[in-house]
Amino acid sequence: MIENNFQNSLEYANEMDGIDPLKNYRQEFYIPLQKNGEPYVYLCGNSLGLQPKITESYILQELKDWGELGVEGHLHAKNPWLPYHEFLTEKMARVVGAKPIEVVVMNTLSVNLHLMMASFYRPDKKRFKIVMESDAFPSDRYAIESQIKYHGNDIKDGLLELKPRDGEELIRIEDIELLIEKEGENIALILLGGVNYYTGQVFDMKHIAKLGHDKDCVVGFDLAHGAGNLELNLHDDNIDFAVWCTYKYLNSGPGSVGGCFIHERHANNFDLPRFAGWWGHNKETRFGMRDVFDPIPGAEGWQLSNPPILSLAAIKASLDMFDKVGMKKLNEKSRLLTGYLEYLLDNIKTDRLRIITPRDISQRGCQISIQVLNADKSLFDNITEAGVIADWREPDVIRVAPVPIYNSFADVYRFVEILKKCLGDL
Ligand SMILES: *Cc1c(COP(=O)(O)O)cnc(C)c1O
């Protein structure tokens, strides 16, 4: 619980919005409208972030340059396409707490997950297991299982799942400690979501990296729900690699290109096996076309293809905004905003709702997952009908994510009022 004098009224929510130092950012986004012309209460930035109004001009710039310059745009566009990804690197590195050499924007999340496993999952006869969460996002499970099979092992031998204890939803750190202690010598890779997509639980990445490294395991994180949500310190936390997408908290548009972190200590390790492509090759000789593959040091050396510039333009627009605000301020507001949501939910007089996200603010980001007891999806359908965009995860969870860059305290208040009304109708 966050210490505050929260009050359960719209006046109070409006007052909080009035003194919010980030309040002006809301109007920099398009908020989807209901049929009646009223804006939705949009709490789904953990699934698809809203569109910044400036994004259009960034994309139009590239369309214009393409139209006017054709292939010459690679070198002569206002933002030349050849090095375009480099324009994103420093800002993205600040978002995740990394050094520029450790970060590259490329491909999409699941693809990057495979590329990272190609380099960092190196099973041998003794050490071949991968640790993951039992309720990981399906794509992560498919990627991990297919990697285990690709190396000729059985999933039942190769996969170690971290499960919450019976009757619990969250994974206990002591269970992670125990598993690594017991199985460490057989574990090749520990690969967890930095924020669990379902419960919103945040793992202590630094601690897990230390536990893993003490047993010589590689430690990677999927930060789909972490990047742009938490104040991350990937470099200092000593993570080996991480991957994330940019269309959730980073507001860069559906299916936009993802981010990848590879710790500096691997930057010059050219002995690591990797799946290579020309965009990862030494920039001086890339167009010589005949050279033996000569990887760029650092994360850039893992690039395969020349990237989709229109998508990178949308990421550039978003990162320019993130860089102006900074993760520190976003995080300060986020804790208040989500704390307010928690406070209002706790004030609903019902035994139908249960928050499964950790109460400890160091173990969550902005998302709150609400379990709806003894009810079906109709409650969720009713709040949608009443103007809330959230999301439903089977069997019984509503996920809501008040996002500090565009959500308001009034949004949170309106959501809870609608939820209360719909609960009464059940
Ligand atoms: C959103 C999400 C994905 C999506 O993967 P894509 O390759 O971008 O489609 C994967 N893993 C997690 C944990 C996610 O939250």
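The values are calculated or read from the model by the stated rules, or taken from the named source; none is laboratory data. What you are looking at is a predicted structure, and each value in this text was computed from that prediction instead of being measured. Don't worry about glycine lacking a Cβ; one is built from the backbone with ideal geometry, like all the others, and counts go over all protein chains shown. Side chains included, ligands, DNA and RNA excluded: accessible areas come from the protein's heavy atoms. Shrake-Rupley method; radii C 1.70, N 1.55, O 1.52, S 1.80 Å.
For the reader, a short list of remarks on this structure follows.
- Sparse-neighbour loop sites [trypsin sites (Lys or Arg not before Pro); region 71-106; at most 16 other C-beta within 10 Å; DSSP]: LYS78
- Placing pseudo-labels 7 Å out from each Cα toward the beta carbon at TRP392 and GLU161 gives an inter-label distance of 2.5 nm.
- Listed pairs LYS125/LYS210; LYS23/LYS329; LYS91/LYS328 exceeding 21 Å between Cα atoms: LYS125/LYS210
- Rounded to the nearest 0.05, the FRET efficiency derived from the C-beta distance between HIS207 and ASN8 at R0 = 41 Å is 0.65.
- GNM on the chain, alpha-carbon springs under 10 angstrom: the most fluctuating residue among LYS377, LYS349, LYS64 is LYS349.
- A Förster radius of 35 Å combined with the Cβ-Cβ distance from ASN79 to LYS215 puts the calculated FRET efficiency at roughly 0.20.
- For region 174-329, size of Cβ-based charge dipole, Lys and Arg +1, Asp and Glu -1, in debye: 820 debye
- What the Cβ-Cβ distance of TRP278 and ASN233 gives, at R0 = 25 Å and to the nearest 0.05, is a FRET efficiency of 0.15.
- Rounded if a/c under 1.5, otherwise prolate or oblate - region 380-426, Cα gyration tensor axes: oblate
- Label-to-label distance, nm, for residues given as LYS182 and ARG265 (7 Å Cα→Cβ offset): 2.7 nm
- When only the Cβ of Lys, Arg, Asp and Glu is charged (+1, +1, -1, -1), the dipole of the chain relative to its Cα centre reaches about 380 debye.
- Region 311-372 shape via C-alpha gyration tensor axes, a/c threshold 1.5: prolate
- Prolate/oblate/rounded label for region 263-346 (Cα gyration tensor, a/c 1.5): prolate
- Ligands, DNA and RNA are left out, and with a 1.4 angstrom probe the accessible area of the chain is 44 Å² per residue.
- Charged-residue dipole, Cβ positions (Lys, Arg, Asp, Glu), region 315-381 about Cα centre, Debye nearest 20: 180 debye
- Placed amide H near TYR42: partners under 5 Å, 5+ positions off or other chain: ILE389
- Each listed q (0.10, 0.11 Å⁻¹) maps to a log10 I(q)/I(0) for the chain, found by the Debye formula over equal Cα scatterers with no solvent: -0.73, -0.87.
- Computed lengthening from GLU174 to TYR30, 0.36 nm per intervening residue step minus Cα-Cα distance: 47.5 nm
- DSSP assigns beta bridges within the chain; of those with both partners inside it, close to 55 percent run antiparallel.
- Considering only PRO254, LEU336, SER311, the residue lying farthest towards the positive end of the dipole of the chain is SER311, judged by Cα position with unit charges set on Cβ.
- Restraint check, LYS99/LYS206; LYS64/LYS316; LYS78/LYS99; LYS99/LYS333, Cα-Cα greater than 20 Å: LYS78/LYS99; LYS99/LYS333
- For the chain, modelled as a GNM whose springs connect Cα atoms under 10 angstrom apart, the maximal fluctuation among ALA313, ALA410, ALA375 occurs at ALA375.
- For the pair region 275-346 / region 38-88, the C-alpha centres are spaced 13 Å from each other.
- Note on the chain: with a GNM built from Cα contacts shorter than 10 Å, the maximum mean-square fluctuation among GLN61, GLN51, GLN371 falls on GLN61.
- Protein accessible area in the chain, 1.4 Å probe - carbon and sulfur %: 51 percent
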